[in-house]
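The values are calculated or read from the model by the stated rules, or taken from the named source; none is laboratory data. These figures come from a predicted structure and were not determined experimentally. Methodologically, a virtual Cβ is constructed for each residue, glycine included, from the backbone with ideal geometry; neighbour enumeration extends over all protein chains shown.
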Amino acid sequence: MARIDIEFQNIIESTLNGIKYNNERRNVKRLQIPSYTFRHDLKDGFPAITLKKLAFKTVVTELLWFLKGDNNIKFLNENHCKIWNKDAYNWHVKNEETPLSEDVFNDLGQGSVGQNYSVQWRNFGGKVDQISNLIRDMKADIMGSRLIVQAWNPLELDKTALPPCHSQFQIIGVPLADGKFGFELHWYQRSVDLYLGLPFNIASYGALALILEKITGYKALGIQGDLKCVHIYGNALNQAIELLDRNYMKFKKCELEIKDFENFENLLPSDFKLVNYDSFENLKVEMVAPTSI
């Protein structure tokens, strides 16, 4: 079975008992709980939910975009990933005196989203490459308590199309019985779109942990999410409820294979393969983007 599905159903059940209110920034009703913490051991397989189909190529395309330090949606669109197009268009409208129509903008397939995750990870404050520093410091001392990458930059929150939702992650070293070391990846997420966003976030950090395993040689043991403002939008409520009726025992666990690489910046979506992945059919929901920035 895919154990991540059990945890995902638990999060849904908790959130369905949350408080209903109207989110004014997105002009939509949602159910919300203050927080939820979960973990997934990678010995139980790669954390790709099977309750609905995971768009895994989109997940790794976005992750590689972050790791490249790229804030233009051109790379995403070239790899058929459209999830940032609406935010990029909102940013375009805000910053151009004579903005293009949305159709023309989308046809161009490129445009900035400002100081996004990519910029913060690779060029924080115009000075710090946090990913390169993380890799260096993991190799130097995997048990260090400063193995942190921060995406939340208060000085630039008004310079990005979307302030980071998963705002920080930390690598935590773990001594193993054989005298070696492994690590866990823990992330903090200030806001969680449970139905659409969280399956992406879980798979993305699972993939990042395995990339870091290949780079550093330390075993990736698990991931943990410290989730805040966990919510289900009104337009996804019925679909989320339907996931509770799906049998998490139906499909086996899957594994992620990553081709060997010398430079993580040269990785392509095609270098990642989910092995033995199967799932229930998807239940489509329209992504709710902010009506303004």
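So the values come out like this:
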| item | result |
| --- | --- |
| Counted residues, segment 1-37 - those being outside any helix (DSSP H, G or I), at pLDDT below 95 and closer than 23 Å to Ala203 by Cβ | 3 |
| Test: Lys57 is modelled with pLDDT of 95 or more and either over 22 Å from His166 (Cα atoms) or within 17 Å of the chain's Cα centre (by Cα) (or both) | yes |
| All positions within segment 8-48 that are acidic (Asp, Glu) and touching a helix residue (DSSP H, G or I) at 6+ places or on another chain (Cβ under 9 Å) | Glu13, Asp41, Asp44 |
| Met249 being among the aliphatic types (A, V, I, L, M) and more than 24 Å from His166 (Cβ to Cβ) | yes |
| Matching helices (runs of 4 or more DSSP H) fully within segment 51-107 where at least 3 residues are crowded, with 18+ Cβ neighbours inside 10 Å and touching a Gly at 6+ places or on another chain (Cβ under 7 Å) | 85-95 |
| Every residue from segment 160-186 that is in a loop (DSSP other than H, G, I, E, B) and touching a helix residue (DSSP H, G or I) at 6+ places or on another chain (Cβ under 9 Å) | Ala161, Leu162, Pro163, Pro164, Cys165 |
| Residue within segment 211-220 that is of a type in the set (S, T, N, Q) and buried (at least 18 other Cβ atoms within 10 Å of the Cβ) present | yes |
| Some residue of segment 115-126 being surrounded by fewer than 19 Cβ atoms within 10 Å (Cβ to Cβ), over 14 Å from Thr216 (Cβ atoms) and among the small types (Gly, Ala, Ser) | yes |
| Odd one out for Met143 among (1) touching a residue at least 40 places away in the same chain (Cβ under 8 Å); (2) touching a Pro at 6+ places or on another chain (Cβ under 9 Å) | (1) |
| Where Gln110 falls short, out of the listed (1) in a loop (DSSP other than H, G, I, E, B); (2) touching a strand residue (DSSP E or B) at 6+ places or on another chain (Cβ under 9 Å); (3) buried (at least 20 other Cβ atoms within 10 Å of the Cβ) | (3) |
| Segment 202-252 - residue that is within 22 Å of the chain's Cα centre (by Cα) and polar (S, T, N, Q) and, of those, nearest to Asp141 (Cα to Cα) | Thr216 |
| Tyr195 vs. criteria closer than 23 Å to Phe8 by Cβ, without any contact (Cβ under 8 Å) to a residue 60 or more places away in the chain and touching a strand residue (DSSP E or B) at 6+ places or on another chain (Cβ under 9 Å) | no |
| Every residue from segment 5-34 that is touching a residue at least 60 places away in the same chain (Cβ under 8 Å), touching a strand residue (DSSP E or B) at 6+ places or on another chain (Cβ under 8 Å) and under 23 Å from Ala209 (Cα atoms) | Ile11 |
| Tally of residues being at pLDDT 95 or above and crowded, with 17+ Cβ neighbours inside 10 Å across segment 152-162 | 4 |
| Failed condition for Ile131, given (1) over 27 Å from Leu51 (Cβ atoms); (2) without any contact (Cβ under 8 Å) to a residue 24 or more places away in the chain | (2) |
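Listed here are the residues, each with its yes/no results for (1) among the hydrophobic types (A, V, I, L, M, F, W, C); (2) surrounded by 18 or more Cβ atoms within 10 Å (Cβ to Cβ); (3) out of contact with any Gly (no Cβ under 6 Å at 6 or more places or on another chain); (4) on the phi > 0 side of the Ramachandran plot.
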{"position": "Leu227", "(1), (2), (3), (4)": "yes, yes, yes, no"}
{"position": "Ile258", "(1), (2), (3), (4)": "yes, no, yes, no"}
{"position": "Asn266", "(1), (2), (3), (4)": "no, no, yes, no"}
{"position": "Asp278", "(1), (2), (3), (4)": "no, no, yes, no"}
